[in-house]
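**Student:** My questions all concern the structure below.
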Amino acid sequence: MLGEYPIEGRGAAEIAASVERAVGAGDLQPGQLLPPMRELASRLGVNPNTVAAAYRTLRERGVIETAGRRGSRIRPKPATTGREQLHVAVPAGVRDLSSGNPDPALLPSLTPALAAVAAEGDRDPVLYGAEPVEPELARIARAELDADGVPDGPLTVTSGSLDAVERVLAAHLKPGDAVAVEDPGWGRTLDLVPALGLRTVPVGVDDEGPRPEDLSAALASGARALIVTDRAQNPTGASVSATRARALRSVLREYPQTLLIEDDHGHGIVDLPLHPLAGVTHHWAFVRSVAKAYGPDLRLAVLTGDAVTVDRVRGRQRLGPGWVSRLLQRAVVHLWKDGAVDGPAVATAYRSRRDLLIDALAERGVPSHGRSGMNVWVPVPDETGAVARLLHAGWAVSPGARFRLSAPPGIRITISTLTPQETGALATAVAAAVGPTPVRTYV
């Protein structure tokens, strides 16, 4: 009978590791029910408290979830089988519009900046004990945040947006706490939250951002934190409007203990104004990375927030990596000062490519979404079939399952390198793959 559950071990750590190995190997499937703790303890010949400790560890790692008397089961998307596995293998000769990457032609050359900071580093090397944040980077970043209406607060630097989000969540929450997340939303975030032992609570989005009624319901149900993408939301392209920001702030005022995390990764590639939500909760963090505008390999994001949050992030960072390379920070400063990226021109290029595809799809009876950023989201009745038919037609797009919790099916099309000459053919292929669909939102 134990063969149904490939679980072994005598200690809690061994049992937990056995379950994780089985999930990674596919022997335990997402959604599969695990044996009751007393039953498994009897089979393994161990104390039930040992199994209880193993299950607790697995919950904290985001591998399993427990629903009271209904038992424990492998999470639908366990941390050991991340959403990155839900990708399309792109054969030779197929046009890849699935990656979510920026257009390399719109990224700046890094050679002048890196050469300059290397010379600076030779003259004035950064040693242990130096300040973790480049003063000029902090000055420029703070001025831009002020101009965009982001509340004043201390500033630090992290290794990209997701690093910042993880550190802020870990600074305030404990395993089992609930986090309100956008649905559809960034797949990495939907993986990260359960990997930290936290629970995701979906909040539907439309073109103007998270829906206030869904946020209110999530916070009323006990969600302790909210993660919002202000602009260029991945995968839908949503951008928080002024009206929506007022409505969301009104909801947050009723729950001032909520930890608010805002991700503005679209800064520098969008032409829509920022409408920040920060300032109505006790603890908040605002993150702005350089990846989309200057290159994904520049692993750098600026983080500001309330004093307690930033202090906790800095303190934990000191005990791990210590700081984000000051050479890298200086390179970003050079890029900023040299005007290496023409933000309005980049935003216009992406908008033109999005609008061309959205209009072409509409002409063929296919509604889609893409208010900002590098992606277009297309609701579909049959996600798997649509992806397969498009692949057969020579187009690789991303399955919406990478980005959804309870939202309806869809596909994400990255338009960053899409040419006007390709748009019509792509729209025709999408229409053939999904068929005319009723106009609806993606929630």
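The values are calculated or read from the model by the stated rules, or taken from the named source; none is laboratory data. Small disclaimer: the values here were computed from a predicted structure and weren't measured. Heads up, the Cβs are rebuilt from the backbone with ideal geometry, glycines too, and the neighbour counts pull from every protein chain shown.
**Student:** Scan the range 261-291 residue by residue and report those that are part of a strand (DSSP E or B) and in contact with a His (Cβ under 7 Å, 6 or more places away or on another chain).
**Tutor:** Of the residues in the range 261-291, the ones part of a strand (DSSP E or B) are 261-263, 283-289.
Hits for the range 261-291 are HIS283, ARG288, SER289.
**Student:** Further question: Just to check your reading of the model, which residue among ALA301, ALA331 is hydrophobic (A, V, I, L, M, F, W, C), in the same structural domain as HIS267 (by TED's automatic domain parsing), more than 30 Å from TRP377 (Cβ to Cβ) and in contact (Cβ under 8 Å) with a residue 12 or more places away in the chain?
**Tutor:** Details: ALA301 fails: more than 30 Å from TRP377 (Cβ to Cβ).
After applying the criteria, what remains is ALA331.
**Student:** Does VAL193 satisfy the criteria of being touching a Lys or Arg at 6+ places or on another chain (Cβ under 8 Å), aliphatic (A, V, I, L, M), modelled with pLDDT under 95 and buried (at least 24 other Cβ atoms within 10 Å of the Cβ)?
**Tutor:** Values: touching a Lys or Arg at 6+ places or on another chain (Cβ under 8 Å): yes; aliphatic (A, V, I, L, M): yes; modelled with pLDDT under 95: yes; buried (at least 24 other Cβ atoms within 10 Å of the Cβ): yes.
Yes, satisfied.
**Student:** Regarding the range 6-19, can at least one residue be identified that is of a type outside the set (Phe, Trp, Tyr) and modelled with pLDDT under 80?
**Tutor:** Restricting attention to the range 6-19, the residues satisfying the condition of being of a type outside the set (Phe, Trp, Tyr) are 6-19.
So of that shortlist, the ones also modelled with pLDDT under 80 come out as 6.
Among the residues of the range 6-19, at least one is of a type outside the set (Phe, Trp, Tyr) and modelled with pLDDT under 80, which makes the answer yes.
**Student:** Just for the range 196-222: of the residues that are surrounded by fewer than 23 Cβ atoms within 10 Å (Cβ to Cβ), part of a loop (DSSP other than H, G, I, E, B) and of a type outside the set (Ser, Thr, Tyr), which one is modelled with the lowest pLDDT?
**Tutor:** From the range 196-222, those surrounded by fewer than 23 Cβ atoms within 10 Å (Cβ to Cβ) are 196-197, 199, 202, 204, 206-208, 211-214, 216-217, 219-222; that's our starting set.
Next, from what is left, pick out any that are part of a loop (DSSP other than H, G, I, E, B): 196-197, 207-208, 211, 221-222.
Next, only the ones that are of a type outside the set (Ser, Thr, Tyr) stay: 196-197, 207-208, 211, 222.
On the way: LEU196: 88, GLY197: 83, ASP207: 97, GLU208: 98, ARG211: 98, GLY222: 95.
Applying the filter and picking the extreme gives GLY197.
**Student:** Based on what the data block shows, is VAL90 within 23 Å of MET374 (Cα to Cα), surrounded by 13 or more Cβ atoms within 10 Å (Cβ to Cβ) and at pLDDT below 95? Steps first, please.
**Tutor:** Numbers: within 23 Å of MET374 (Cα to Cα): yes; surrounded by 13 or more Cβ atoms within 10 Å (Cβ to Cβ): yes; at pLDDT below 95: yes.
Answer is yes for this residue.
**Student:** Here's something else I'd like to know. From the residues in the range 91-141 that are of a type in the set (Val, Ile, Thr) and in contact with a helix residue (DSSP H, G or I) (Cβ under 8 Å, 6 or more places away or on another chain), which one is farthest from SER352 (Cα to Cα)?
**Tutor:** Kept after step one, since they are of a type in the set (Val, Ile, Thr), are these residues of the range 91-141: 94, 111, 117, 126, 133, 140.
Restricting the remaining residues to those that are in contact with a helix residue (DSSP H, G or I) (Cβ under 8 Å, 6 or more places away or on another chain) gives 94, 117, 126, 133, 140.
Numbers: VAL94: 23, VAL117: 35, VAL126: 43, VAL133: 37, ILE140: 29 Å.
Among those residues, the one meeting the criterion is VAL126.
**Student:** Report, by residue number, each residue of the range 383-412 that is hydroxyl-bearing (Ser, Thr, Tyr), in contact (Cβ under 8 Å) with a residue 40 or more places away in the chain and not in a loop (DSSP other than H, G, I, E, B). Full working, then the answer.
**Tutor:** Step one: of the range 383-412, the residues hydroxyl-bearing (Ser, Thr, Tyr) are 384, 398, 406.
Now drop any that are not in contact (Cβ under 8 Å) with a residue 40 or more places away in the chain, which leaves 398, 406.
Result: SER398, single match.
**Student:** Can you give me the number of residues within the range 323-382 that are in a helix (DSSP H, G or I) and touching a strand residue (DSSP E or B) at 6+ places or on another chain (Cβ under 8 Å)?
**Tutor:** At the first step, the residues of the range 323-382 found to be in a helix (DSSP H, G or I) are 326-337, 343-363.
Add one more test, that the residue is touching a strand residue (DSSP E or B) at 6+ places or on another chain (Cβ under 8 Å), and what stays is 329, 354, 357-358, 361.
Qualifying residue count, the range 323-382: 5.
**Student:** Here are ARG142, ARG167: which of them is of a type in the set (Lys, Arg), in the same structural domain as ARG312 (by TED's automatic domain parsing) and under 28 Å from ASP342 (Cβ atoms)?
**Tutor:** Numbers: ARG167 fails: under 28 Å from ASP342 (Cβ atoms).
When all the criteria are applied, what remains is ARG142.
**Student:** Out of the residues in the range 353-374 that are surrounded by 15 or more Cβ atoms within 10 Å (Cβ to Cβ) and hydrophobic (A, V, I, L, M, F, W, C), which is nearest to PRO102 (Cα to Cα)?
**Tutor:** The selected residue is MET374.
**Student:** Could you please find all residues in the range 11-39 being polar (S, T, N, Q) and either closer than 15 Å to THR66 by Cα or loosely packed, with under 15 Cβ neighbours inside 10 Å (or both)? Quick ask: steps written out before the conclusion?
**Tutor:** Here is the first cut: in the range 11-39, the ones polar (S, T, N, Q) are 18, 29, 32.
Selection gives GLN29, GLN32.
**Student:** Among residues belonging to the range 394-421 that are surrounded by 17 or more Cβ atoms within 10 Å (Cβ to Cβ) and over 25 Å from SER239 (Cα atoms), point out the one that is nearest to the chain's Cα centre (by Cα). Lay out the reasoning, then the answer.
**Tutor:** Filtering the range 394-421 down to residues surrounded by 17 or more Cβ atoms within 10 Å (Cβ to Cβ) leaves 395-405, 407, 409-418.
Narrowing further to those that are over 25 Å from SER239 (Cα atoms): 395-396.
Numbers: TRP395: 24, ALA396: 21 Å.
By that ranking, first place goes to ALA396.
**Student:** Kindly evaluate ALA115 against the criterion of being modelled with pLDDT of 90 or more, more than 16 Å from ALA17 (Cα to Cα) and small (Gly, Ala, Ser). Spell out how you get there, then give the answer.
**Tutor:** Details: modelled with pLDDT of 90 or more: yes; more than 16 Å from ALA17 (Cα to Cα): yes; small (Gly, Ala, Ser): yes.
Considered against the rule, which asks whether it is modelled with pLDDT of 90 or more, more than 16 Å from ALA17 (Cα to Cα) and small (Gly, Ala, Ser), ALA115 comes out as yes.
**Student:** Moving on to the next point. Test of understanding: among VAL302, VAL270, VAL228, VAL290, which residue is out of contact with any Phe, Trp or Tyr (no Cβ under 6 Å at 6 or more places or on another chain), surrounded by 21 or more Cβ atoms within 10 Å (Cβ to Cβ) and more than 19 Å from VAL168 (Cβ to Cβ)? Walk me through how you get there before you give the answer.
**Tutor:** Numbers: VAL302 fails: more than 19 Å from VAL168 (Cβ to Cβ); VAL228 fails: more than 19 Å from VAL168 (Cβ to Cβ); VAL290 fails: more than 19 Å from VAL168 (Cβ to Cβ).
The match here is VAL270.
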